[in-house]
Amino acid sequence: MALFKQATTFLGFSIPPHKKLTAAVKSVLSCRTAYFPAEFQKPITDQDVLKELEDSSEFENLKFQPFLPAPISLNSSVFYDEFKERFTRYVMKGGQKKLARELLEKTFYEIKKIQLKKYYEAETDSERNEIECNPLVILKNAIENCTPMLTVKKVSRGGSVYQVPVPVQEKKAEYLSIKWMLEAARDKGSRVHLPIKLSKELIDAHNGEGRVIKKKQDLHKLCEANRAYAHFRWS
Amino acid sequence: MRNSNILYLSRYTCYGSTPKNGRGTPKVPFPYIGPKLALRNKVVDTSSKQESKICFTELMELLSCLKEGDFNEKLCFEHQSKLKLCEEKYLATIEKEQEIRRKGTLTPGAKTLTSAQANILLKKYPQPGV
């Protein structure tokens, strides 16, 4: 209703609210949801990038540069990480972002607990140095270890469907690995909490073993088995 | 298929009745009624033909490497990066082609024309009597 009032006042005349919207009012309303012009840049939140910009000559030009409004999730905190933000969105179900964030925090806590236990139980210094205790590094490394290089694409030729091996694009590969990871984490008994299972899976993948790594290898094996049909990609 | 009235009359019936003495059907000529038969001053965009088997050898090398190393990904890092480079190169060339296609800048002495280029020329010099 407030939007309607704003639109009508902008036009310079008032329309009784029980009447239908005219074309002119509709055009004003659509402006609110319109795309920003092309010259609007994405907001810069990284402190290091901003410092570099201040020293360079580009900073003078940016003073009069219009910027897009920053999304709520974006900030310049020390704990902000782009990949972590993306991963929470995959964990989220039904728009419950707060719950997803809490679940990820709990998994980080679990990972830290497991790794620190290993760290203190290790006897030599060389063993200790090998153990990674930063959960964020473990998360990134685990997802990178699970990303597939190839996938199969269905192509129908002569009435039968063939599975043709094709290279995966970066975005799609990351999506697949995160999807498999969460599938493995959610496949559990009703008594087990998600963070506990997810933390175990992540540590397994970080070390290059576990269910998700096997799933990736199975896909590669399927590609290898169907290598005879590789030329169907082009013909 | 549903025949039009004129077609039906001309081919199968003569003077309102079909011949019944075994003769072939008489053909009565009729004037052409339809749209004007002339080419338009516009060409429809068609995608260019793909090159044959892009990055095929790189893919095969990667697959054989994976099989040799018992699907250990770390051993095939070189092959993987080669395939990635090849794919990127291919995608970049496609993008370049599409940009040229969209812009439709005319190059003097070119034997083959893209649809955008042909449209520009047709707009400048339209066919007479259309």
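For (1) over 30 Å from B:Glu68 (Cβ atoms); (2) not in a loop (DSSP other than H, G, I, E, B), each residue gets a yes or a no:
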{"site": "A:Ser156", "(1), (2)": "yes, yes"}
{"site": "A:Val161", "(1), (2)": "no, yes"}
{"site": "A:Pro165", "(1), (2)": "no, yes"}
{"site": "A:Leu176", "(1), (2)": "no, yes"}
{"site": "A:Lys179", "(1), (2)": "no, yes"}
{"site": "A:Ser199", "(1), (2)": "yes, yes"}
{"site": "A:Ala205", "(1), (2)": "no, yes"}
{"site": "A:Glu209", "(1), (2)": "no, no"}
{"site": "A:Lys216", "(1), (2)": "no, yes"}
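Give segment A:189-222 a look and list any residue that's in contact with a helix residue (DSSP H, G or I) (Cβ under 6 Å, 6 or more places away or on another chain) and open to solvent by 70 Å² or more (accessible area, probe 1.4 Å), or say none.
Residues satisfying the conditions are A:Arg211, A:Lys215.
Could you say whether any residue in segment B:7-21 is modelled with pLDDT under 90, within 38 Å of the chain's Cα centre (by Cα), surrounded by fewer than 11 Cβ atoms within 10 Å (Cβ to Cβ) and more than 10 Å from chain A (Cβ to nearest Cβ)?
The answer is no, given that none of the residues of segment B:7-21 is modelled with pLDDT under 90, within 38 Å of the chain's Cα centre (by Cα), surrounded by fewer than 11 Cβ atoms within 10 Å (Cβ to Cβ) and more than 10 Å from chain A (Cβ to nearest Cβ).
Tell me, yes or no, whether segment A:208-221 has at least one residue that is farther than 21 Å from A:Phe108 by Cβ, facing another protein chain (nearest Cβ under 10 Å), without any contact (Cβ under 8 Å) to a residue 40 or more places away in the chain and in contact with a Phe, Trp or Tyr (Cβ under 8 Å, 6 or more places away or on another chain).
Yes, segment A:208-221 has at least one match.
For segment A:37-66, what are the residues that are modelled with pLDDT of 85 or more and of a type in the set (A, V, I, L, M, F, W, C)?
A:Phe40, A:Ile44, A:Val49, A:Leu50, A:Leu53, A:Phe59, A:Leu62, A:Phe64
Looking for something within 14 Å of chain A (Cβ to nearest Cβ), at pLDDT below 90 and in contact with a Phe, Trp or Tyr (Cβ under 7 Å, 6 or more places away or on another chain) - is there at least one such residue anywhere in segment B:32-50?
Yes, segment B:32-50 has at least one match.
Among B:Leu59, B:Leu75, which is within 14 Å of chain A (Cβ to nearest Cβ), open to solvent by less than 60 Å² (accessible area, probe 1.4 Å) and at pLDDT 90 or above?
Values: B:Leu75 fails: open to solvent by less than 60 Å² (accessible area, probe 1.4 Å).
Testing whether each residue is within 14 Å of chain A (Cβ to nearest Cβ), open to solvent by less than 60 Å² (accessible area, probe 1.4 Å) and at pLDDT 90 or above leaves just B:Leu59.
Show the residue pairs meeting these rules: Cβ distance below 9 Å; 6+ apart or different chains; first residue within segment B:113-130 and touching a residue at least 40 places away in the same chain (Cβ under 8 Å) and surrounded by 15 or more Cβ atoms within 10 Å (Cβ to Cβ); second residue assigned to a helix (DSSP H, G or I) and polar (S, T, N, Q).
none
For the structure I just gave you, tell me whether A:Val78 is loosely packed, with under 13 Cβ neighbours inside 10 Å and part of a helix (DSSP H, G or I).
On the way: loosely packed, with under 13 Cβ neighbours inside 10 Å: yes; part of a helix (DSSP H, G or I): no.
Taking the combined requirement at face value, the residue does not satisfy it.
The values are calculated or read from the model by the stated rules, or taken from the named source; none is laboratory data. As the structure is a computational prediction, the values presented were derived from the model and not from experiment. No Cβ is skipped: glycine too gets one built from the backbone with ideal geometry, and neighbour counts run over all protein chains shown. Ligands, DNA and RNA are stripped out before the accessible areas are found, and what is left, the full protein with its side chains, is counted by its heavy atoms. Shrake-Rupley method; radii C 1.70, N 1.55, O 1.52, S 1.80 Å.
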